[in-house]
Amino acid sequence: MITLVHHHTERPNFYRVDVGYNLFGEYSVVREWGGNGQNGVHRIAWFSNLRDAAVAAERWHAKACSKGYELTDRVVAGTA
């Protein structure tokens, strides 16, 4: 799981990217974003292999970083 936080706004925002695997042999990339302390917006993208899922997760991670989000190891309220 990668959690990013954007501190340079009036209220800190978070962006989370997580790669997962299910019992049906599918991989998913779960993205969640929103204001700190609130429930975020969830989006799930499904992939047939880990490579494609990892590439997509890295692409979304890079896009969030380009918007000013920074990697954190803190637990951010609103992420589960």
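Read-outs: derived from the displayed coordinates by stated rules, not from any lab. This structure is a prediction, so every number in the text was calculated from the model and none was measured. For neighbour counting, all protein chains shown are included, and Cβ atoms are generated from backbone atoms with ideal geometry for every residue, glycine included.
All alpha carbon pair distances within the stretch 2-72 were sorted into 5 Å bins beginning at 0; the resulting P(r) in whole percents reads 4, 18, 26, 21, 15, 9, 5, 2, 0. Remark: His61, His42 ranked as His42, His61, counting other beta-carbon atoms within 10 Å and listing the fewest first. Here the Karplus curve 6.51 cos²θ - 1.76 cosθ + 1.60, taken at θ = phi - 60°, turns the phi angles of the stretch 29-46 into couplings of 10, 9, 10, 9, 8, x, x, 4, x, 10, 5, x, 8, 10, 9, 10, 10, 9 Hz, with x standing for Gly and Pro.
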